[in-house]
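Participant: I'd like to ask some things about the structure below.
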Amino acid sequence: MTFELAGIGAAAGIAIGTAVVLEPASIDIPDYSVAIADLDAEEQRLRTALALARDELLRVREAIPKDAPQDTRLFIDAHLLMLDDPALRDRPIRLIREQRRNAAWALHHERERLVEIFERMEDPYLRGKREDILQVTDRVLRHLLGAQVPSLTAAADRIIVASELSPADTVMLKNGSVLGWVTDFGAATSHSAILARSLGLPAVVGTHQATRLLRSGDQLVVDGEHGTVLVNPSPELLLAYREMQARRERRRQLLEEERDLPAITVDGTAIRLFANIELPEDVEWVQRSNAEGIGLFRSEFLFMNRADSPSEEEQFQAFAKVLRGLPGAEVTIRSVDVGADKLLADSDLQLHATGLNPALGLRGLRLCLRRPDWFRRHLRAILRASAIAPIRLMLPMVSTVHEVHQARQLVEQLRTELCAEGYKVAERLPVGIMVEVPAVAMAAHCFTAVADFFSIGTNDLTQYALAVDRGDDDVNGLFDPLHVGVLSMIQHTIAAGEAAGIPVAMCGEMAANPQWTPLLVGLGLRQFSMFPGAIPEVKAAIRHTVVDEAQVIALAALAGTSDLFTQTYDVEA
Ligand code: PEP
Ligand code: MG
């Protein structure tokens, strides 16, 4: 049957492929008695499910992409060890026999007991093991109950349909075998959607019912621009979409031919274009995009999909790889921004990052300052990398001048420490801030004394200014970076930077939308940073922009007469 699902277009492009539906996370556990004659068979069912889960984890381990962080395997190994633990086999078997109950109930009963024990532990590391127990037993339960086990790495050339994907799941998709994805939840500026765009994978999020209505094997057309998913389309519709795909490809090739043209407006104003990256491997895309350098390296992705945090040396090597891949380019490394939706398996850190309201709690710089031991290792790696090429350090989730002072003091202490240890460190490491907390944007003039540069993070700035969770599709319609309140903050930040003579960039998703390029140029923005794939289209928009006209557009937008700037630049897809 042909039908269409509507959601939110999270990453533009058209993907045509076959659905792989990953089951929703919760499983109903059946509870029934087993006749004495059937107890042996019930025990065997549990043993088989444990063995299947084991085989499957071994396969997942094999399929981990080569460029995944080194310790991704450790994560899987920890789960394999748990599967071998007698607690997950012997006690449930005893329960099956003593209580004469089914295997799923027995395993679930044991899992609840273990989870309770771990939750009571004082050691935060052991307490964090609770999550592993849940994940491992989930896997076995799904085999017992015949449910499909989510396995991202096993899906080749498919469109993933899932309830929700975490940023950590998303980064696993970098092995290139997935064509796109559809989720029940999520919004256009959630971190998973941002990753989808940087991977160049069309994605539709927030459909609410994809996992319920779609079946593995359905043919899907994912239109990431319009936010629609066409299910089992007719041959005519399929043809129309294939033509659309071909048109997009022609447009891409055209822009590729303009790759070496400078990013200057019609009247000669030069605009600097930088790239946002998540992993060192992304440097190849940056090279292809012809960006001037990196405006945002989301270093927290080095810490994902692994059981613990990378060592100082490992972090240093990752930064070194980026710098060596882009000789002479300006590279801005953002210190780790975990918390809110970006959680790590490192249970110690994760515990700190899950407060009452994680988006307003210990996130970004706040979390780093709370854990100086951990932050020191990270900053030492960045400082050591500064000897290879000039880099800039950018602090996320700043809210006070005092926090910036604290971070800067630590940087200076560590510089002395490293020099005493014989390491080379650049004489100057510019330290800038992300402007993403509304009060900081409004008080940007107070931060020019402590920041060497600003970068406007419109994803969080919009979220916090409008009180709209950036990952919640229920309020997605209210997430509007064009809101006069948000635009005024952007303008104020740019003006404050300009008055103090410090560079101001924008690295939020707003910078990647070519339709808004003239508006941003009109507001005075001269540095943009975006996922590499967006650069050609934004550059084309810049090359069509006349600064005088852009200023008129900006004034209209700030006055709230928004109809003027929606007609400014049409992407000819
Ligand atoms: C932002 O908030 O706009 C930003 C660029 O940072 P992130 O999306 O990683 O939170
Ligand atoms: Mg942010």
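Participant: Can you pull out the residues in the stretch 342-367 that are in a loop (DSSP other than H, G, I, E, B) and at pLDDT below 70?
Facilitator: Kept after step one, since they are in a loop (DSSP other than H, G, I, E, B), are these residues of the stretch 342-367: 343-346, 354-357, 361-364.
Listed by number, the residues that qualify are L343, L344, A345, D346, T354, G355.
Participant: Hey, another quick one. When I433 is evaluated against the numbered criteria (1) open to solvent by 30 Å² or more (accessible area, probe 1.4 Å); (2) within 13 Å of ligand 2 (Cβ to nearest atom), which criterion, by number, is the only one it fails?
Facilitator: (1)
Participant: Find the residue count for the stretch 188-207, including only residues that are of a type in the set (G, A, S), at pLDDT 80 or above and within 14 Å of ligand 2 (Cβ to nearest atom).
Facilitator: 1
Participant: Follow-up question, since we're still on this one. Output the qualifying pairs, or none if there are none: Cβ atoms under 6 angstrom, residues six or more apart or on different chains, first residue in the stretch 386-400 and under 22 Å from A443 (Cα atoms) and open to solvent by less than 20 Å² (accessible area, probe 1.4 Å), second residue within 16 Å of ligand 2 (Cβ to nearest atom) and part of a loop (DSSP other than H, G, I, E, B).
Facilitator: L395/S335; P396/D337; P396/G364; M397/R363; M397/G364
Participant: From the set of residues in the stretch 250-288 that are more than 17 Å from A196 (Cα to Cα) and polar (S, T, N, Q), which is surrounded by the most Cβ atoms within 10 Å (Cβ to Cβ)?
Facilitator: The selected residue is T265.
Participant: Write out, first by first residue and then by second, each pair whose Cβ atoms fall under 7 Å of each other, whose residues are 6+ apart or on separate chains, and whose first residue, in the stretch 448-466, is at pLDDT below 95 while the second is of a type in the set (A, V, I, L, M, F, W, C) and within 10 Å of ligand 2 (Cβ to nearest atom).
Facilitator: none
Participant: Looking only at the stretch 395-406, decide whether some residue is among the polar types (S, T, N, Q) and closer than 22 Å to E313 by Cα.
Facilitator: no
Participant: Can you find even one residue in the stretch 399-422 that is in the same structural domain as K321 (by TED's automatic domain parsing), under 27 Å from the mean Cα position of the chain (by Cα) and either hydroxyl-bearing (S, T, Y) or closer than 21 Å to T189 by Cα (or both)?
Facilitator: Taking every residue of the stretch 399-422 in turn, at least one turns out to be in the same structural domain as K321 (by TED's automatic domain parsing), under 27 Å from the mean Cα position of the chain (by Cα) and either hydroxyl-bearing (S, T, Y) or closer than 21 Å to T189 by Cα (or both).
Participant: Within the stretch 211-232, track down each residue that is within 20 Å of S177 (Cβ to Cβ) and under 21 Å from the mean Cα position of the chain (by Cα).
Facilitator: V222, G224
Participant: Tell me which residues, restricted to the stretch 154-163, are of a type outside the set (G, A, S) and either at pLDDT below 75 or surrounded by fewer than 18 Cβ atoms within 10 Å (Cβ to Cβ) (or both).
Facilitator: D157
The values are calculated or read from the model by the stated rules, or taken from the named source; none is laboratory data. Predicted, not measured: the structure shown is a model, and the values here were computed from it. Cβ atoms come from the backbone with ideal geometry, glycine included; neighbour counts cover every protein chain shown. Please note that ligands, DNA and RNA were not included when accessible areas were found on the heavy atoms of the full protein model with its side chains. Shrake-Rupley method; radii C 1.70, N 1.55, O 1.52, S 1.80 Å.
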